[in-house]
Each structure stands twice: as structure tokens, then as C-alpha cells.
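Q: This is the structure I want to talk about, given as C-alpha cells.
The values are calculated or read from the model by the stated rules, or taken from the named source; none is laboratory data. Worth saying up front: this structure is predicted, and the values here are computed from it rather than measured. When we count neighbours, we look across all protein chains shown, and the Cβ atoms used for this are built from the backbone with ideal geometry, even at glycine.
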Amino acid sequence: MDKIIRDIYRGRFEVFGRGRTNSPEHAKVLERLVQLEKELESALSPKQLEQFRAYSDAAADLSSLTCEEEFVIGYQLGVKLTLAAFPGEEEAK
């Protein structure tokens, strides 16, 4: 069960096709992030820039793993809530 949930999260198994629609808030934060990255790139030495990019990549990797775990937990909670809605069925544990 855990593997299929992870496969859904990683896009290996699509329940349905979905498009990405960015909200104005998302666009605003992305624009701010890009601007800050440009400012950092121009202010850092080549060695510092390399370190910053390595840090940024590691932070993105950690964020991705955290989001995956939260997706799995949320999915499992949703299933437990669904099972709890059926009287007489074994209670979700």
C-alpha cells in the first residue's frame, strides 16, 4: 500500500491527469525567489555561489522528502476517516 501511495505522489501512477494552475500568490512568491536568487548570484564569489547552490539543492531535496511523507500521512488519514464513516466496519486504527 505504501509503495502505490508514493508512486502516486511521484507521478509514476496517475489517477487522473492534472494541470498546474499557479495562483497569484504562487506567482508573487516565485517572482520574489527569482529576484533574491539573482541578487545573491551577483553578490557571491564563485566559491560562495557553488556553496549556495549546493545548499539550495540539499534544502530542495529535504523539502521534497518532507512533502512526500506529509502526502503519505494525509492520504492514510483520509482512508482512515473514510473507513470510520461506515458503521459496523472495523474501526480505523
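Q: Determine which member of the set LEU83, LEU49 is farther than 28 Å from ARG6 by Cα, touching an Asp or Glu at 6+ places or on another chain (Cβ under 8 Å) and without any contact (Cβ under 8 Å) to a residue 24 or more places away in the chain.
A: Going through LEU83, LEU49 in turn, just one is farther than 28 Å from ARG6 by Cα, touching an Asp or Glu at 6+ places or on another chain (Cβ under 8 Å) and without any contact (Cβ under 8 Å) to a residue 24 or more places away in the chain: LEU49.
Every residue, every condition in (1) modelled with pLDDT under 85; (2) assigned to a helix (DSSP H, G or I); (3) loosely packed, with under 11 Cβ neighbours inside 10 Å, yes or no:
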{"position": "ASP7", "(1), (2), (3)": "yes, yes, no"}
{"position": "THR21", "(1), (2), (3)": "yes, no, yes"}
{"position": "ARG32", "(1), (2), (3)": "no, yes, yes"}
{"position": "LYS38", "(1), (2), (3)": "no, yes, yes"}
{"position": "GLU41", "(1), (2), (3)": "no, yes, no"}
{"position": "ALA54", "(1), (2), (3)": "no, yes, yes"}
{"position": "PHE86", "(1), (2), (3)": "no, no, yes"}
